[in-house]
Amino acid sequence: MKEKRLWYGYLDAGQKSTLVVLDHSLQTGNEQTVYLFNLARGKFLEYQRQIVEPKLRELNPEQTTATKQLKTAYTKARRNFKPHDNRVVQFPARGSSTKETAAQEPLEELTEFMGNDGEGFTENEDWFDKN
């Protein structure tokens, strides 16, 4: 398979064989899977790499005549396709809560902000009037 952005080929899978498009710019978020546009189904499907890659073939001369139909169907499906979100979301561990996490973190005491003798705090009525 050439490393072009779009690769047009044939998925040789017995009765489920079909023309496919591999768009290298679409990532599943999992190195073990790949998106292929499946012409027979008319949509993008996620396949296991180790299973599908050995079944991908270059187009033969008879199949290249169908590439116009394949390109048109791919373009239409690509406009509406939204791949899985690639962001890794970190959820709290099961059984934990944000309250527990907050309780474990030490709180900064107000005296450290103000100073032990309260010198960090001044009563200035003019400041309150201006703001």
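The values are calculated or read from the model by the stated rules, or taken from the named source; none is laboratory data. Everything quoted here is computed from the prediction, not taken from an experiment. We place every Cβ from the backbone using ideal geometry, glycine too, and count neighbours over all the protein chains shown. We work out accessible area using only protein heavy atoms, side chains counted, and drop any ligands, DNA or RNA first. Shrake-Rupley method; radii C 1.70, N 1.55, O 1.52, S 1.80 Å.
In segment 71-86, how many residues are at pLDDT 90 or above, open to solvent by less than 80 Å² (accessible area, probe 1.4 Å) and within 21 Å of the chain's Cα centre (by Cα)?
Qualifying residue count for the region: 4.
Taking segment 25-38 on its own, how many of its residues are open to solvent by less than 60 Å² (accessible area, probe 1.4 Å) and under 18 Å from Lys4 (Cβ atoms)?
The qualifying residues number 5.
Would you please name the residue that is farthest from Leu19 (Cα to Cα), looking only at residues in segment 40-57 that are open to solvent by 40 Å² or more (accessible area, probe 1.4 Å) and part of a helix (DSSP H, G or I)?
By that ranking, first place goes to Gln50.
Every residue in segment 1-39 that is among the hydrophobic types (A, V, I, L, M, F, W, C) and either in a loop (DSSP other than H, G, I, E, B) or more than 15 Å from Gln63 (Cα to Cα) (or both), please.
Residues satisfying the conditions are Met1, Leu6, Ala13, Leu22, Leu26, Val34, Leu36, Phe37, Leu39.
Within segment 58-70, how many residues turn out to be surrounded by 14 or more Cβ atoms within 10 Å (Cβ to Cβ) and either of a type outside the set (Ser, Thr, Tyr) or within 11 Å of Asp12 (Cβ to Cβ) (or both)?
Residues meeting the conditions: 4.
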